[in-house]
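Undergrad: One structure, as structure tokens, below. Some questions next.
The values are calculated or read from the model by the stated rules, or taken from the named source; none is laboratory data. Keep in mind the model is a prediction, meaning the values are calculated, not measured. Glycine also receives a Cβ, built like all others from the backbone with ideal geometry; neighbour counts cover every protein chain displayed.
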Amino acid sequence: MDKFEIVVAGVGGQGVLLLGSLLDKAARFDGIKTIVGSEIHGMAQRGGPLVSYTRLGEDVFGPIISVGCADVIIGLEYIEGLRNIERLSKHGCMIVSDTKRPSSTMWLTDSPYPEKEFVLAAMKKAADNVLVVNADKIAGTAGNIRASNVVMLGAAVAGVEGFPISQESFMDAIRMTLPEKLVDINIKAFKAGVEATS
Amino acid sequence: MSIEELKSRLSGAEAYVLGNEAVARGAVEAGVWVASCYPGTPSSEISDTLSELSKYFDFEFEYSANEKVAAEVAAGVAIAGGKSMVVFKGAGFFVASDALFHLVYSGISGSMVIVACDEPGLHSSADETDLRLMGRVGYLPTLVPSNPIEAKEMTIEAFSLSEKLKQPVMLRLTSRVCQQRGFIELGSVPGNENHTIDWDCDKPWWQQFVLVPATCRPGRLRSIEAMAVAGEICETSTFTKITKVDSDIGILTCGVVHGYALEALNLLNVKASVFKVGMSFPLPEKKLKEFIQGLDQLFVVEEVEPYLELYVRALAKDVNPNIQIFGKDNGYFPLPFEYDTSVVVKAMAKALQLRVPIEYDKIEERSKALQEIVFPRPPVLCAGCPHRASAYAARRATKGKAVYVQDVGCYALASPPPINVGDIELCMGTSVGVSCGLNYIVDKPIVSVIGDSTFFHSGMPGLVNAVYNEVNFTLLVLDNGATGMTGFQPNPATGIRGGDKPGKKVIIEDVVKGMGVEDLKIVDSYDIKALRAAVKDSVAFEGVSVIVSRRKCAMLIISDSKEKGVALPVYRVDPDKCNGCWLCITGFGCPPIEKVGEVAGIVAENCMGCGVCAQLCPSKAIVEVK
């Protein structure tokens, strides 16, 4: 593999950084040698946007996924997915959770959260593949809506062509990373995500 | 990422880390005796990790009151003969520079590493300074890592270099190294060493360490000599990485951008020799001369200032005057903000007249068109934040007819609408110092805001100045018991020290009284009525007024309630009473409050039950859910 690049985008509190570290670690379990992860998390705790990059493969030397290069964007929320779409390669895949996280400052300008159809149309203009996953609902059925991010991970692994990391390695990474009491629910959520796009 | 991995004593094991954590581990492997810091993004995880590791390894760690003090703490250790490290963000270097730039004149007996983290792109900082230049200005040998592996190795190397030179050495990181994730191999940690200095009372210490002109002249010569030695060491440093290929094109680069340059070469299918600088001061002059001698074209790829570029342009005049150099100086690379691969691709394609393999222009144009849909998501004060309540009350009490001076911390987020308390904020301590100046010429009352940690950091000298010069203004000290913005590090007001050790709690009001402030009030931040009355009264007072507005950070209230298993109250809007005046949204703006048709609503799972909105609702429509 020369290069495979994954963007995870969301809002602080949605678990963007957890997905970043699961991606890095799972790639390691699969024996991928070059793994460069990157995140910027200064203001995210105060409701700001949050992005994590995971870059894999021998042609990777720096931490940033530049414009037009990502193979996958995992959007944990519509607008944050769309905010990062310029990173996506033409043949890449946007996989987005059917989730809306309004910003409290929206009320000041009386501009409502954009219609989902509007967002999806914009996404389709930029990307060949757009996949919507009802992650909150799937996570809720699996046991906890907070595992919605891990549902998206499962959905990406199974639903995105050429995703280079195995499901087994993700489950190992989940077991290794999360506190024991949260492991079962997250494994369940991961599998439910896989099922949703298989 | 996991303290369990980092506290391992097993050498050879692999750990998954952030660049920041790699620096902390490097300090432990180098055998640091004392580490000090003032927290600040993007450096925070270095100090937080050191704080944790100090529980398991034999070294002292402290959160200092500010960066200058932190640097002096490290200087004291290194002068006496110990091994010290001081950590801060780029702006912290400015605060510490008085101590650092003077320390070079005395030199040290042990070793000392200064870790400073720059932020190209200003992700959460208010400046984009390039500290590589400060290394040059201050005679501080400077190492610049590009990834977590180098971050650890260079930390260890910085200690050994410092010991050799008897001078402090700087490790300069950028946010993309600080917050870069990767895998490092752990090295061994020295066993328990004796960390006590038997101070020699008969030694004439003053001849070297008391800085007066007579001792600084030889000190100046010593530092120049040390830089010459550092220059020699730099020539053979393994951190200088040169990859020669058969090509007339060369790349000169430094730090994290090195990777973007390599990727750009791949994307454009260009062959070039690459010179990666590991030590940015002094520079390996001989090696650089040799490198540029055989080239026709040189690209200088570096973030922020054209530091290498200007140096290599000067060198080229002697050794290869015909070489074409492409950098910032002639407009091929942008001066400001963070780079990525696309920046290098565009510059090289322009200079070499190559086709750009990715349609950047088209993609960027399409992104511009999206701006109507992609609303901005600025950081905001959290649900239930006591700072919001304090700032709201301050504005109401003054009816918006005041100058509001802000300071560095979460509370500065009260500057934009809807709260609008914040006309000026420059740097740590601004709220007090700038108010003193405004006092002389402004015809409106001055109401300023500072947090607990920032008050101790650099608010205190300003307050003494205000009392002494009989300034007329009102200062709200917002005491939420946390350095919230940077990740809840303790500070003197919390009575907790680094490594979670108990410390002596410094009481803000005692300090204020001791400084001679006559008008002092202490109010609960959640009591809007009392706060408004206090601000009104203080503004009417001729002279310095201080209001300590106190309430624990909302995030800490939430985590405490979870820990104790006690549910917090929740509020709701009674739709029959709400008349849609929107004060709770356009005047207050707590995130869980939203518009539901003609009336307001509260998203229950985001409400933390402070009840402040219920106090300010004119229709009494907000009520606790029973």
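Undergrad: Taking the condition of being away from chain A (no Cβ under 14 Å) and modelled with pLDDT under 95, how many residues in the stretch B:21-55 meet it?
TA: Summing the residues that are away from chain A (no Cβ under 14 Å) and modelled with pLDDT under 95 in the stretch B:21-55 gives 0.
Undergrad: While we're looking at this one, here's another question. Could you check residue A:70 against (1) within 11 Å of another protein chain (Cβ to nearest Cβ); (2) buried (at least 24 other Cβ atoms within 10 Å of the Cβ); (3) more than 11 Å from the chain's Cα centre (by Cα) and say which number it fails?
TA: (1)
Undergrad: If you don't mind, another one. I'm told residue B:25 meets every condition in (1) over 27 Å from residue A:54 (Cβ atoms); (2) in a helix (DSSP H, G or I); (3) out of contact with any Cys (no Cβ under 8 Å at 6 or more places or on another chain) except one. Can you identify the failing condition by its number?
TA: The failed condition is (1).
Undergrad: Sticking with this one: Scanning the stretch A:87-125 for residues that are within 7 Å of chain B (Cβ to nearest Cβ), in contact (Cβ under 8 Å) with a residue 24 or more places away in the chain and of a type in the set (Ser, Thr, Tyr), which turns out farthest from residue B:361 (Cα to Cα)?
TA: Across the stretch A:87-125, the extreme among qualifying residues is A:104.
Undergrad: Answer yes or no: is there a residue in the stretch B:392-401 that is part of a helix (DSSP H, G or I), crowded, with 24+ Cβ neighbours inside 10 Å and among the hydroxyl-bearing types (Ser, Thr, Tyr).
TA: Among the residues of the stretch B:392-401, at least one is part of a helix (DSSP H, G or I), crowded, with 24+ Cβ neighbours inside 10 Å and among the hydroxyl-bearing types (Ser, Thr, Tyr), which makes the answer yes.
Undergrad: Now for a separate question. Return the residue satisfying two criteria in turn: it lies in the stretch B:558-582 and is buried (at least 16 other Cβ atoms within 10 Å of the Cβ) and among the hydrophobic types (A, V, I, L, M, F, W, C), and of such residues it is nearest to residue A:48 (Cα to Cα).
TA: B:558
Undergrad: Kindly evaluate residue B:479 against the criterion of being in contact (Cβ under 8 Å) with a residue 60 or more places away in the chain, out of contact with any Ser or Thr (no Cβ under 6 Å at 6 or more places or on another chain) and acidic (Asp, Glu).
TA: Considered against the rule, which asks whether it is in contact (Cβ under 8 Å) with a residue 60 or more places away in the chain, out of contact with any Ser or Thr (no Cβ under 6 Å at 6 or more places or on another chain) and acidic (Asp, Glu), residue B:479 comes out as yes.
Undergrad: Given the conditions (1) more than 8 Å from every other protein chain (Cβ to nearest Cβ); (2) under 13 Å from the mean Cα position of the chain (by Cα); (3) more than 23 Å from residue B:257 (Cα to Cα), which single one is not true for residue A:11?
TA: (1)
Undergrad: Separate question: Which members of the stretch B:246-266 meet the condition of being over 30 Å from the mean Cα position of the chain (by Cα) and in a loop (DSSP other than H, G, I, E, B)?
TA: The answer is B:246, B:247, B:248.
Undergrad: Mind listing whichever residues of the stretch A:1-17 are surrounded by fewer than 24 Cβ atoms within 10 Å (Cβ to Cβ), under 24 Å from residue B:117 (Cα atoms) and of a type in the set (A, V, I, L, M, F, W, C)?
TA: The answer is A:17, and nothing else.
Undergrad: Can you name every residue in the stretch B:357-396 that is within 10 Å of chain A (Cβ to nearest Cβ), over 32 Å from the mean Cα position of the chain (by Cα) and touching a residue at least 24 places away in the same chain (Cβ under 8 Å)?
TA: B:357, B:358, listed by residue number.
Undergrad: Could I ask something else about it? Would you be able to tell me the number of residues in the stretch A:140-198 that are touching a residue at least 40 places away in the same chain (Cβ under 8 Å), of a type in the set (S, T, N, Q) and closer than 17 Å to residue A:23 by Cβ?
TA: Final tally of qualifying residues: 6.
Undergrad: Please give the number of the condition residue A:30 fails out of (1) at the interface with chain B (Cβ under 9 Å from one of its Cβ atoms); (2) surrounded by fewer than 21 Cβ atoms within 10 Å (Cβ to Cβ).
TA: (1)
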